[in-house]
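Enquirer: If you scroll down you'll find the structure; I have some questions about it.
Only the coordinates and a few stated rules stand behind these numbers; no lab work does. Every value quoted in this text rests on a predicted model; they were computed, and no experiment measured them.
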Amino acid sequence: MNTILRLKEFYLLEMFQLTVYESQMASLQNEYIEHAYQRIIELERHHVDYYKETLQQHGEEVPFFSGSLTALAGRFLGGPMLDLTTAENRYKLGVAVETKAIEMYRAFVIEAWEYPDICKRLWNNMIDEEFHLLWFKDNLKHATSLVQSIQ
Ligand SMILES: [Fe+2]
Ligand SMILES: [Fe+2]
């Protein structure tokens, strides 16, 4: 696949991550979780900006994003969004989104090997996604064990 098309696809993938996490800010249960989400959102915004700026530098149009998560959830996760009223579901969605992103980054790193600048950035972004994944997995474990200890 051509690199410009990939950059556009990754712009949308990162917009998806950014919008998913921003949309959950109002439902978070405490200050610690809010800070963690804010930090994740900051990094996703850097990822979005990178694709946006790179496309613009190449004189390419940045894909249109309507702000609707449903279409992007279908495109990247192959199904509807989970109900996000519980922390457990929010973390499960985080795990699914980040796992998909890492899988896509692995493929793109191989495709973009002849462009060292892009490649370096892809590695960096992918490692950010790995940190996000670990955070969601760890918090999912706590959320699940909390539910079990209450029952
Ligand atoms: Fe990202
Ligand atoms: Fe991420």
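Enquirer: Using a Gaussian network model of the chain whose springs link C-alpha atoms within less than 10 Å, name the residue from Q38, Q57, Q17 with the highest mean-square fluctuation.
Expert: The residue that fluctuates most here is Q57.
Enquirer: Taking 24 Å as the cut-off for C-alpha to C-alpha distance, list the pairs among K100/K137; K8/K92; K100/K141; K52/K120; K52/K100 that go past it.
Expert: K8/K92
Enquirer: Cα extents of the stretch 3-150 along the three principal axes, largest first, in whole Å?
Expert: Largest to smallest, the principal-axis extents are 54, 28, 28 Å.
Enquirer: Which value in Å is the Kirkwood Rh of the stretch 28-78 over different Cα pairs?
Expert: 13.2
Enquirer: Still on this model: Output ³J(HN,Hα) for the stretch 52-57: one whole-Hz value per residue in order, computed from phi by the Karplus curve 6.51 cos²θ - 1.76 cosθ + 1.60 with θ = phi - 60°, and x for Gly and Pro.
Expert: 4, 5, 5, 4, 5, 4
Enquirer: Okay, next question. Just how far, in whole angstrom, is the stretch 54-94 from the stretch 1-36 if you go by their alpha carbon centroids?
Expert: First find each Cα centre; the distance between them is then 7 Å.
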